């Protein structure tokens, strides 16, 4: 509980630190009128700009809370005499469901920017909580001297998947939709994939390991 309180205090401190007194709104486009993503804007003649924006600070701060609090729910369930693996999987299902509302991030952003920030921030926090627990499932199932190797193998395949996905998205998806002036569609596809990927991962894990079987030497 102290860690959660510390996380909320950190959130408040960071948001206060990055608070802005001036709001700038609008759309940045290229010479063809297509929206540009990932653009930084600086006020002419000053060092003030959007390199570090409050919405970005808010999302990353919420993700820190997810990192800290990700183990709280399974620990609470285990304290209530739940089996360790059941507590872990139940918690991970909750985190997977918390990511799902990111599907509506673009629509919510059209209503109010901060609605999208909150949804994306919650998804980022749930991702961090999921990650903390998915790595712990290794120590739940494998002998201690193999935990490092199994975690490394899983991390390697995760990195390969990330590289391939980045190539597919950056070189194909975004290039295609930017060329036809529909970059919003590319973001919607990515948000949709993020919304369902954790639930799919949980279902696959549940099918492969319906009950915990501790692997012996």
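Sorted from fewest to most neighbouring beta carbons within 10 Å, what does the list 63, 131 look like? Walk me through the numbers before you get to the answer.
Working: 63 20, 131 15.
With the sparsest Cβ surroundings first, the list reads 131, 63.
Applying a 10 Å radius around every beta-carbon, put 181-192, 87-98 in order of their mean neighbour count, most first. Could you put the intermediate results ahead of the total?
Details: 181-192: 15.6, 87-98: 19.9.
So the order, starting with the most tightly packed, is 87-98, 181-192.
Would you work out the relative contact order for region 55-208, in percent, from Cα pairs under 8 angstrom that are 6 or more residues apart? Before the final figure, lay out each step's value.
Numbers: 137 pairs, mean separation 49.5, N = 154.
Rounded, it is 32 percent for region 55-208.
For region 147-217, what does the alpha-carbon gyration tensor say about shape, rounded, prolate or oblate, given a ≥ b ≥ c as the root eigenvalues, a/c under 1.5 as rounded, and a/b over b/c as prolate?
Numbers: a/c = 5.68, a/b = 2.14, b/c = 2.65.
The shape class here is oblate.
Computed from the coordinates by the stated procedures, all read-outs in this text should not be read as laboratory data. Only a predicted model underlies this, so the values are computations on that prediction, with no experimental measurement involved. Methodologically, a virtual Cβ is constructed for each residue, glycine included, from the backbone with ideal geometry; neighbour enumeration extends over all protein chains shown.
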